[in-house]
Structures are given as C-alpha cells and as structure tokens.
Amino acid sequence: MGKKFAQTGTTAVALAMKQINPDVVAAYPITPQTAIVQDFALFVANGEVDTELITVESEHSAMSACVGASAAGARVMTATSSNGLAFMWEVLYIASGLRLPIVMVDVNRALSGPINIHCDHSDSMGARDSGWIQIFSETSQDAYDNVIQAVRIAEHKDVMLPVMVMMDGFIISHGIDMFEILEDDQVKKFIGEYKPGFALLNPGKPVTMGAFDLFDYYFEHKRQQAEGMENARQVIVEISKRYSDLSGRKQELYRGYYLDDAEIAVVALGSSAGTIRDVVDEMRAEGHKVGLMSPRVYRPFPNVDYAEALKNKLVVGVLDRSDSFGGNGGPLYTELRSALYEYEKRPKIIDRIYGLGGRDFKAEDARSYLDELMEIAGGKKQYSAVSYLGVRE
Amino acid sequence: MATLKELTKKEARFTCGHRMCPGCGAPIIFRQVLLAIDEPVIVGVATGCLEVSTTIFPFTSWNIPYIHNAFENAASTISGAETAYRAFVKKGKIKDKIHFMAVGGDGASYDIGLQMISGAFERGHDMVYVCYDNGAYMNTGIQRSSATPYCANTTTSPVGTLVPGKLQKKKDLTKIFAAHNIPYVAQASPSHWKDLMDKVKKAFDAEGPAFLNVISPCPLGWRCDQSETIALAKEAVTSCFWPLYEVENGKYRITYKPREKTPVADWLKKQGRFAHLFKPGNEHLLEEIQAYVDAEWEQLQKLAEL
Amino acid sequence: MSMFDVNKKHGWKDIPIGGIIPEGGTATKYKTGEWRTERPVWDKEKCSQCMLCFIFCPDNSIEVKDEKMVGIDYEHCKGCGICAKECPRAAICMETDPKYSE
C-alpha cells in the first residue's frame, strides 16, 4: 500500500525522481519547473539520493550536460519549461539523434513573446518533431506514474530514445492534489539498472559518438531513429501494462470518459480533461450522448488507436492549447484529422484553440463548446472549423 | 617528461587518415597533447575543423572515447561526462583514473561557447579545456571571430577601400579564464613542443578546471605555405604576439622568454592575411600593432613579477 | 562485411545506431596519401634521429621502430613539407610525387 500525499505536482515529480535516483541530473531553473529541482537539490544535500546534481548556467548547458552524462553511460534526468525548452532546442535533436535515453519533465508553459509564465502547450508542441517520445499527464498522479514509466520506455533496447513527460504549468505543477506513491524498492525493481550498448566510460573500447555524417549516411541514421520511435508504440503499451499491474492504476494510451457510446466527443490534452468531465456528467444527466477523450501519448502519435476510438462519432471537437500560426488548426487537431482521413465514414472534426498563456478554461467554456458541437451534430451549417475559444474579441 | 624517442613508442591515440588540410596546426597539437599523458582520456570536441575532419562516418582518428555534441557546448558536454564519472566512482563502479578534455577552436571558445566554458569552470569540474586558436571561423570559410587579430583579412572583416580588415583587437581569452581563479591556465604553441607537453601534464594533474590556449596556424586562412606551420607558430612566440606563459593558482610565470624579440612585422609579412599592411600608407597600422604587442608583453612581464 | 570499405555503402539495418563508430582509430583505413602533389624524401645518412619530424608531422606519417626513424608512411603522408622545413640536418627534401612526373 503506497503512501498518499496531498501535495503539488512538482512534489510528485520530485518524489518520483528521488525514487528513481538517477546518476546525474543537470538542470537550470525556470518557472514553473523550479520547485522540482529545488526539492531535488534538498534531497541531494541531505544525502537522500546518490545523484550528482549539476547546477548548470543555462538550459542549453543542462541538456548538453545530460547528453554528455548519458553518453558516458549514466542514467540522466532533467526538467524545464517554455523558453528553457526552446533554448535547448538544438540539443534535443542531438539527444534523440545520438539515441540517448534521457528523461525530462516539461512543465508546460507558454513560449515568449510577449513573455508569459502560465500554462499552454506551445513549448512541447514546438518539439514534436525532435524525436523525443512525448507523454502528457492530466494530474499529479499521472505525472508521478509517467516519469517512472518513462525511464523504462527510454532505455528499452528497441527504443533508445529520450522521453519528455508533460504536466500543465501552475495548474498541476503548483496545484495541490492527492496522489499515491509506490514503495522505494518497487520503483527500483521496476526501472532496473541502465545497461547502455555503447558508453564513453569504457576507455578500453573507445567509441566515437556524434560522428560527422555526410550525405551518404545521415539518412540511414535517421531511418534508424524512426524505427526506434515505431518500436516505442508497442514498448509503451507493454511498459504501461506492467506498471498498471504494479500500481493498480490503469495506464492507457488515452482515457475515455463516456466515450464508447458518445455521439459527440471532445478531445483535450492535459488538465482541462478534469473540467470537461464535470460538464460531460452534467450533460449526460440531461440525456445528451457526449463523451471525452484525453490522450496520454503524443509521440509516437497513436493514430490508429485514436482514430478507432473516434471514428463512429458524429462530431469530434478538439481543444488545442497551442496554435500553429498559418497551420490551419492546432497540432492535436491536424494530427487527429489526418488519422481519421483513412476512414470512409468519419466524423466532422473541428478545432478550438484555447487557454493560451494560462487563459482560464472554465466549466462554462466547456459547456459552450459542447453545446456548439451538439448544434453541429444537429445539422448547423454555419460554423468555423478552426477558431478560438475564450479570447476577447 | 619523456624524450621524443620515448614518445615514439607510445600507441597513437590520434591517428593518421584524418582529412585536415595538409600542414594544419590542429592535428599537430592534438598528437602532442595525447602523447603528453598516459592515463585514459575522454574527449568532447566542438563543431569545427577538428571535429568535422577527424570523424567522417565511419572513419575516426580518435583512439580514445570521443563525443561531439554541438558547436558551443563541448565544455557543458564534458561537464556531464565528468559528473557521470564521479557518480560512478562514488558508487564503486569505476576505479581507474580517467581524464576529461573538452576541445574547441577559437570560434567555439572565444565566442559562441564562452558562457559554457565559464559555467563549467565556475562549477569546478575536473577537466581540461584546450582551445586551438587559428584566429577565425576557418571551417566555414575564414570568417572573423573575436580571436582574429587586429587588421587581419577575413571574409567577414575583409580589407576594402574603407577598412583595413578587422577593426577590433584580439580578445584575451587566456586572461579571462585566469580571472576565473581556476588552478591552471596557460598559453602554448606546437612549435615549442616540450613546453606544450609540460603544460598539458600540469593541466591534467591540476585538481579542478584547467585551460590551455594553443596557437594553431592555418595555411589556408593565414594565406601561407602549408610547410610554414611550425615556423609561423615559432615566430608568433618570438615576436611576443603569442607569449608562452602559465598561471598556476593565480601566479603568472612566463615559461619562454625569447632570446631575441623579433619584430611583429616580420611575422605579419609572411601571412597573406596581412599583406595589405605592407602597402604604402599603412605604416601607422604596423606601428600600432607593434606598440600594442609591446605593451601587452610589458604588462605580462609585470604580472609575472607579482 | 567491413563498415570501412569506402566503396560499399551499408543499409540502415547494418550499422550501429546513433552515428556511433564502435571502434577507435578507424581513419587509418583512409588513404590520405592520395592527396599529395609533392612528397618528402628521407636521406638516412644525413638523419641524426632527432625525431623533430615525428613530433611536428600532422599526419603521424614518420615511421619509427625501436626509437629509430625508418621511413615515411606514404599511404597517409599529405606532402605538407613541414618535416622538410623543420629538419635541422636537411635530411628530408620535397620532390614532385612520382604520380605526377612523366
């Protein structure tokens, strides 16, 4: 029976990191990630972990040091948000290109400019092509669970790719919620030991990592990387199953709430799912067949699983907490739309960009969206396929 | 310190078969560096001539563990590797002494990677950073860096009718890192191989960060013959343009005092990148350069007396 | 099936992941000697075995056995001429590489 906490999301993540006890953590502070590293630094100072903590002088150096430590053969973790993630952008691609199983928590925060420190998903969406596995957390409990699973997923020999675990900035990171943690030795046993195929800390077998590829080999190395990401689909399912058995908490690719028989479905990443669930309850009581899908895995994007879950709906309303300017919709919408394209009979699918820069998403906003989706299902012809929810005109 | 003959018996940890230009200073430097110590070394190299030419997949000249990350972050990358090593030693997973070396050209070290080296040094990692200073972004086509000497002709500080090449003086990176109060900082030259190798040994023996700044003539960028590399490095030293000194725990010491201080203009004349300085009307620039070198040399001698 | 045969390009399934080169010093298999236009010629009689050419050669192409210079690695020597210039006994001279004469 695990210990229960009523604490912040950052505490949940810090506790997960403590139990994982990585060899090296290299991190730089940025709101709203700061408490994770502060908590962890105290664990280090009190000898509660064996981790060597490098308090680097920028996020670019944080990820660079993580690359160096991981290449050396160590188990490595870090955390960041927003512009911190943006600053380490080139190194993200290098980490995944060099096939280093680094685990990072990205506390979702809007990208500057203008500067905003509150929640939206623009930071991690900007990194969706970087070759990192991306897993979203709805709650602090999810964040704790996902971080532990991330270690196993990243280090799997058929994957060997870095993983970023997201949680909503301030809403989850700083909000107090209940969560339960596993026993220390349960985590230790679950993650096992990191056994890299190649490592720098082996002078008897000198390797060159990060060689210079000309046009004759780069493509092949990228193809291998794509294969790792493809293998991750099955690996994520397997690790999730093992963790579900261990924790008693079901780890799925997505959470469906009244989804199976719904005619109208809303799809949302992150904490907004909680708000929407209340509205679904309210509308179901009124007799409306509405439902919610909250995806957990974003990369590799489970196009088949997500499309199968949505294919029979009349209308799907996506909520994107980030925009892709000029992209004709936010990332979640465009990827779901593409996944559904294959089906002869497919739902109408629309997108609402919402919650940018921490703009509050209230139950009444969810209700107004669902009401509109119902009107569209009922035959309303005049509506925007893509527009903004919650912005003042 | 081993004799040259003894050094010939060592295994080559930096091999032939790399694609650096004929006569390039950098491979000479790194052959000497890796011959100077015997313990295992793990190296991280910044993007640049050395990295690109020595690791074209699947050919590597490095017979030691090597990592390339990006352009500015060799120091951060090696910080991470060195920390992983300390973590493993603490856990009893590794017992042998392993050294850590980060390498960058002047572009990577004086400019884009300055912050990273400063951060790594401030944190006190036990590592050596070696800068091979050829005075420009040579790998991308001879563009100016803050290490480019005053009046040098580069593609982004070209000599034109209005401007005689680079207008700024060369940044003094060695003194910047001496000001970080790290255990060991030094300037060296491949022409004075024994001095260089002694410094390499001191740098690796130092407990904590060490910085070596090594002049690396580039026949293509300096516009000289490919056979002149060592001769030009030597004359950079004897003209006191590139004095050989060390700062050990804050104490300055000049490790080579030229018997005869040669005129800077003689050194400049041998390089095509300074050819414009010898046209009539530019005498004042030559005087300015000589005065500047003299003043710096005076100041260095005073620092050594402290 | 050697990874280092310049004439054979391998598929993505046959090479290590991540751009890793799994052994050291594989560049020795690449013959940079082809670059030369001039080559150094060593006069054994004049040589004092000072080893300066050895320490100044960018391409590790001065062959030494049992602490004695025995020749030049023409498979890798790029003909830069540093050895000839630095030799205190003029025991090395640069000549046009045979592949260019006649």
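For the reader, a short list of remarks on this structure follows.
- Residue list for region B:210-223, filter: touching a helix residue (DSSP H, G or I) at 6+ places or on another chain (Cβ under 6 Å) and at negative phi: B:Ala210, B:Phe211, B:Leu212, B:Asn213, B:Val214, B:Ile215, B:Ser216, B:Pro217, B:Trp222
- A single member of B:Asn69, B:Asn73 is crowded, with 21+ Cβ neighbours inside 10 Å, within 19 Å of the chain's Cα centre (by Cα) and facing another protein chain (nearest Cβ under 8 Å), and it is B:Asn73.
- Tally of residues being farther than 25 Å from B:Ile94 by Cα and either more than 14 Å from chain B (Cβ to nearest Cβ) or assigned to a loop (DSSP other than H, G, I, E, B) (or both) across region A:188-226: 9
- Search result, residues across region C:73-102 that are of a type outside the set (Gly, Ala, Ser) and within 13 Å of C:Cys47 (Cα to Cα): C:Cys83, C:Glu86, C:Cys87, C:Pro88, C:Arg89, C:Ile92, C:Cys93
- On the stretch given as region B:88-118, residues that are surrounded by 23 or more Cβ atoms within 10 Å (Cβ to Cβ) and either of a type outside the set (A, V, I, L, M) or within 8 Å of chain A (Cβ to nearest Cβ) (or both) total 9.
- Of the strands (runs of 3 or more DSSP E) that lie entirely inside region A:271-323, those containing 3 or more residues that are aliphatic (A, V, I, L, M) span A:290-295, A:315-320.
- Of the residues making up region B:34-66, those that are away from chain A (no Cβ under 11 Å) and either of a type in the set (Asp, Glu) or farther than 21 Å from C:Thr32 by Cβ (or both) are B:Ala36, B:Ile37, B:Asp38.
- Reported count of residues in region A:86-103, each being crowded, with 24+ Cβ neighbours inside 10 Å, in contact (Cβ under 8 Å) with a residue 60 or more places away in the chain and more than 14 Å from chain C (Cβ to nearest Cβ), is 1.
- Taking region C:82-102 as the range and being at pLDDT below 95 and among the acidic types (Asp, Glu) as the test, the residues that pass are C:Asp97, C:Glu102.
- Filter result for B:Pro183 (in contact with a Ser or Thr (Cβ under 7 Å, 6 or more places away or on another chain) and surrounded by 17 or more Cβ atoms within 10 Å (Cβ to Cβ)): no
- Screening A:Ala74, A:Ala35, A:Ala110 for residues that are in contact (Cβ under 8 Å) with a residue 40 or more places away in the chain, in the same structural domain as A:His221 (by TED's automatic domain parsing), within 22 Å of A:Leu15 (Cβ to Cβ) and not in a helix (DSSP H, G or I) leaves exactly one candidate, A:Ala74.
- Selection status of C:Gly79, within 12 Å of the chain's Cα centre (by Cα), at pLDDT 95 or above and crowded, with 21+ Cβ neighbours inside 10 Å: yes
- In the set (1) of a type in the set (A, V, I, L, M, F, W, C); (2) crowded, with 19+ Cβ neighbours inside 10 Å; (3) within 14 Å of another protein chain (Cβ to nearest Cβ); (4) in contact (Cβ under 8 Å) with a residue 12 or more places away in the chain, the condition left unmet by A:Met229 is number (2).
- The set of residues in region A:56-69 that are more than 7 Å from chain B (Cβ to nearest Cβ) and either small (Gly, Ala, Ser) or outside any helix (DSSP H, G or I) (or both) contains only A:Ala62.
- Filtered residues of region A:1-32 (kept if within 20 Å of A:Gly169 (Cα to Cα) and without any contact (Cβ under 8 Å) to a residue 24 or more places away in the chain): A:Pro29
- In this structure, B:Ile182 qualifies as assigned to a loop (DSSP other than H, G, I, E, B), of a type outside the set (Phe, Trp, Tyr) and touching a residue at least 40 places away in the same chain (Cβ under 8 Å).
- Filtered residue count, region A:166-187, keeping only those that are within 30 Å of A:Ser122 (Cα to Cα) and not in a strand (DSSP E or B): 7
- Members of region B:18-53 found to be in contact with an Asp or Glu (Cβ under 9 Å, 6 or more places away or on another chain), surrounded by fewer than 24 Cβ atoms within 10 Å (Cβ to Cβ) and not β-branched (Val, Ile, Thr), listed by number: B:Met20, B:Pro22, B:Ala36, B:Glu39, B:Pro40
The values are calculated or read from the model by the stated rules, or taken from the named source; none is laboratory data. None of the values given here were measured: they were computed from a predicted structure. Every residue, glycine as well, gets a Cβ built from its backbone with ideal geometry; the counts of neighbours run over all protein chains shown.
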